[in-house]
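Student: Before anything else, here's the structure in question.
What follows draws every value from the coordinates through simple rules; no lab data is involved. Fair warning: this is a prediction, and the values are worked out from it, not measured in the lab. In this analysis, Cβ positions are derived from the backbone assuming ideal geometry, glycine residues included, and neighbour counts consider all displayed protein chains.
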Amino acid sequence: MRLRIDLRYDGTGFHGWARQTALRSVQETLEEALRTVLRIAEPPMITCAGRTDTGVHARGQVTHVDLETDMPTRELLRRLNGVLPEDVAVTAVAVAPEGFDARFSAVARRYVYRVCDEPAAWDPLRRKEVLRVGRPLDVDRMNEAATKLLGEHDFAAFCKKREGASTVRALLAFSWDRVAPGLLEGTVIADAFCHSMVRALVGSVIPVGDGRREVDWPGAVLAAGVRDSAVTVMPAHGLTLEEVRYPADEELAKRAQESRQVRGEVHQRG
C-alpha cells in the first residue's frame, strides 16, 4: 500500500532532506519515526516531492512511502507526531491514489523567500525564517527584473551543475510583494528546481532592488548560460517550500511517466 504523508518542518537543525551519514536529516528522522511506530526492523524508504537543502524550511512538503500495514491512517498520523521531534510535524496521512508519486507526479513547486529591509521592522522572533538586509529594496524594480526570467529556459547560470542532469526548467511565476512594513515575500513557482536554483534566482534580483545592479542584469545572466559567480546564493533560512501541486488523480500516473522521461533522475531541490 502506498501512503501519501504531508509534513512541515523547521529546517534550521537539519542538514537538508536527504539521509546522510552521521548528519541529521528530515528523511532519516521521518523514516526512523515510521520504523518505531510500526515496530519494523528496518526503516522504510520515503520519497519526497522536493529535496530541500540544509537550513531550508517546508510548510507543504509531500512524500510517499510503500508499506504493509493495517493501521488506520488517522492513528498513524497521531502516533508519528507522538514520536517526532518538535521541529517536524506530519499534517496528513492518506492512502495515495493509483499512480501517485510524490516527486514525479508533481506539476509545480511553490517556494517563498522572506526578507526584511527595514531595521525598525525587524522581528527577532522570525530570525530563523526571514533574511535581514541592510538596504531598502524597490519591489517594482525587482518584479521587472524577475519577469525577464519567466518561461522555459536552461537555468545553468543559476544552478549547481550535476553530472548528466538537465538544468532546463519552466519558471512559471516569480514575483515580489511587500506584505507588511519592512517585510517582503518573493514567490517562486516552477515545474521543478535544480540545486540552489531558488536561492540563486533571489540572489540575482536583490541587488537590483537595492540599486547595485540594473534591471536587465538577471536576464543577461540567464542568457549567458553559465554559472555566474557574481550571483549570490542567498542564505537558506529565508526559504520555505510552501506547496507542491499535483494534477487530477486520473492524470497522476501519466504525469509521473512524463517527468521520468524528461528529467531522468534529476534531484528536485530548492
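Student: On C-alpha positions alone, give me the angle between the axis of helix 73-83 and the longest principal axis of the chain, in degrees, nearest 10.
Tutor: Roughly 70 degrees between the two axes.
Student: Follow-up. Using a ≥ b ≥ c from the Cα gyration tensor of region 194-240 (square roots of the eigenvalues), is it rounded, prolate or oblate, where a/c under 1.5 gives rounded and otherwise the larger of a/b and b/c decides, a/b for prolate?
Tutor: Verdict is oblate for region 194-240.
Student: A further question on this structure: Under a point spin-label approximation (7 Å from Cα along Cα-to-Cβ), what is the R24-D66 distance to one decimal in nm?
Tutor: About 3.2 nm separates the two model spin labels.
Student: Turning to a different aspect of this structure: Pick out which of G151, G134, G182 has the largest mean-square fluctuation in a Gaussian network model of the chain, springs linking Cα atoms closer than 10 Å.
Tutor: Top of the fluctuation ranking is G134.
Student: In nm, to one decimal, how far is the modelled label at E75 from the one at R35, with both set 7 Å along Cα→Cβ?
Tutor: 2.3
Student: Shifting gears a bit: What is the angle, in °, between the Cα long axis of helix 252-263 and the longest principal axis of the Cα atoms in the chain? Nearest 10 is fine, range 0 to 90.
Tutor: The angle comes out near 50 degrees.
Student: Where nothing but the Cβ of Lys and Arg (+1) and of Asp and Glu (-1) is charged, how large is the charge dipole of the chain around its Cα centre, in debye to the nearest 20?
Tutor: On the way: 38 positive and 39 negative charges, 98 e Å.
Dipole of the chain, to the nearest 20 debye: 480 debye.
Student: If you place +1 on the Cβ of every Lys and Arg, -1 on the Cβ of every Asp and Glu, and leave all else neutral, what size is the dipole of region 138-270 about its Cα centre, to the nearest 20 Debye? The partial results should precede the final answer.
Tutor: Numbers: 17 positive and 20 negative charges, 105 e Å.
With only Lys, Arg, Asp and Glu charged at Cβ, the dipole is about 500 debye.
Student: Shifting gears a bit: Would you mind pulling out the separation of the Cα centroids of region 99-123 and region 164-186, in Å?
Tutor: 8
Student: Now for a separate question. Can you tell which of A94, A230, A173 shows the greatest fluctuation in a Gaussian network model of the chain with Cα springs below 10 Å?
Tutor: A230
Student: Looking at the square roots a ≥ b ≥ c of the eigenvalues of the Cα gyration tensor of region 108-245, which shape do they give, rounded for a/c under 1.5, prolate if a/b is larger than b/c, or oblate? Can you show the working numbers first?
Tutor: Details: a/c = 1.83, a/b = 1.45, b/c = 1.26.
Prolate shape, in that a/c is at least 1.5 and a/b is the bigger ratio.
Student: Taking 7 Å along the Cα-to-C-beta vector as the label spot, tell me the E118-D249 distance in nanometres, rounded to one decimal.
Tutor: 4.7
Student: Here is a further query. In the chain, if the dipole is taken from +1 on Lys/Arg beta carbons and -1 on Asp/Glu beta carbons about the Cα centre, which of L125, M142, L67 is farthest to the positive end?
Tutor: L125
Student: Here is a follow-up. For region 135-210, what is the charge dipole size about the Cα centre, in debye to the nearest 20, if Lys and Arg each add +1 at the Cβ and Asp and Glu each add -1 at the Cβ?
Tutor: 280
Student: Under the definition of Cα pairs under 8 Å and six or more residues apart, what whole-number percent is the relative contact order of the chain?
Tutor: Numbers: 613 pairs, mean separation 69.0, N = 270.
For the chain, the relative contact order is 26 percent.
Student: A further question on this structure: How big is the antiparallel share of DSSP beta bridges in the chain, given as a percent to the nearest 5? Don't jump to the answer; show the numbers that get you there.
Tutor: Working: 44 of 48 bridges.
Taking every DSSP beta bridge with both residues in the chain, the antiparallel ones total about 90 percent.
Student: Based on other C-beta atoms within 10 Å, arrange H237, H57 from fewest to most.
Tutor: Working: H237 19, H57 25.
Neighbour counts put them in this order, fewest first: H237, H57.
Student: Among A18, A145, A165, which one shows the biggest mean-square fluctuation in a GNM of the chain, springs joining Cα atoms closer than 10 Å?
Tutor: In this elastic network of the chain, the residue with the biggest mean-square fluctuation among A18, A145, A165 is A165.
Student: Please find the FRET efficiency linking R260 to R227, where r is the Cβ-Cβ separation and R0 is fixed at 25 Å, and quote it to the nearest 0.05. Don't skip to the answer; put the middle values down first.
Tutor: Working: r = 26 Å, r/R0 = 1.05.
After rounding to 0.05, the efficiency reads 0.40.
Student: Continuing with the same structure: Go through L184, S166, V215 and say which Cα lies farthest out towards the positive end of the charge dipole of region 105-215; charges sit on Cβ, +1 for Lys and Arg, -1 for Asp and Glu.
Tutor: S166
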